[in-house]
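K.L.:
One structure, pasted below without further comment.
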Amino acid sequence: MRVPLPPLETSRVLGTDDFALYGDTYGTLLVDATTRLPLTLREGRDAQQLSQWLREHPGVEVACRDGSLTYRQGITVGTPEAVQVSDRFYLWQGLSRRVQDIASAHRGCLPAALPPVSETESTPIEETAEDAAEDTQAGRHGRRLFGAVHALTHTGRSHSSVAR
């Protein structure tokens with residue numbers, strides 16, 4: 001399937017992404033990352049198909065993509081002069097993983113970095129999110145709703161009836 005659109009102008013930023021249509025059938029969406037308008041929608045996620053489209057539409061300077069080897073190869077062949085960058089989702093995902101790895105690796109360093117608790121100081125009571133929620137109006141309301149749902153469920157009513 002192809003959506004005919006006007007040819008690319010120079011200095012365009014291209015965004016690529018794939019999606020599942022159904023089952024094992026995938027599609028590729030190409031977007032003008034500057035205007036956020038779709039450029040084309042194609043069935044499949046194929047490097048050759050992407051590189052052919054890029055050769056037919058010169059002018060892409062930056063290609064924003066996921067970590068897919070398929071898209072990397074297609075962009076490299078179709079427009080080798082374009083700079084390839086990760087999209088925001090994958091940048092945040094990579095950063096989050098790296099921070100988690102570093103925090104896990106240095107977990108043992110934290111107690112040594114904290115000042116010692118003197119014997120005269122009282123031990124602070126750790127407050128959990130559950131304890132904090134109990135003291136709020138929203139927490140009390142949530143508990144009332146929870147109780148009401150369970151009371152209705154125990155009367156033998158169906159789940160859809162209770163939900164209504």
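K.L.:
In µm²/s, what is D for segment 12-89 at 25 °C and 0.890 mPa s, where D = kT/(6 pi eta Rh) by Stokes-Einstein and Rh is the Kirkwood radius from Cα pairs?
P.N.:
200 µm²/s
K.L.:
If each residue of separation counts as 0.36 nm, what is the full-extension length gain between Tyr90 and Ala151 once their alpha-carbon separation is subtracted?
P.N.:
Between Tyr90 and Ala151, full extension yields 17.5 nm more.
K.L.:
Please list the equivalent ellipsoid semi-axes of segment 14-53, computed as the square roots of five times the alpha-carbon gyration tensor eigenvalues, in descending order and whole angstrom.
P.N.:
Working from the Cα gyration tensor, I get semi-axes of 18, 12, 6 Å.
K.L.:
Taking 0.36 nm per residue of sequence separation and subtracting the Cα-Cα distance, how much length would be gained by fully extending the chain between Gln100 and Asp24, in nm to one decimal?
P.N.:
Gain on extension, Gln100 to Asp24, equals 24.1 nm.
Where a number appears in this text, it was derived from the coordinates with a stated rule and is not lab data. Computed from a predicted structure; not experimentally measured.
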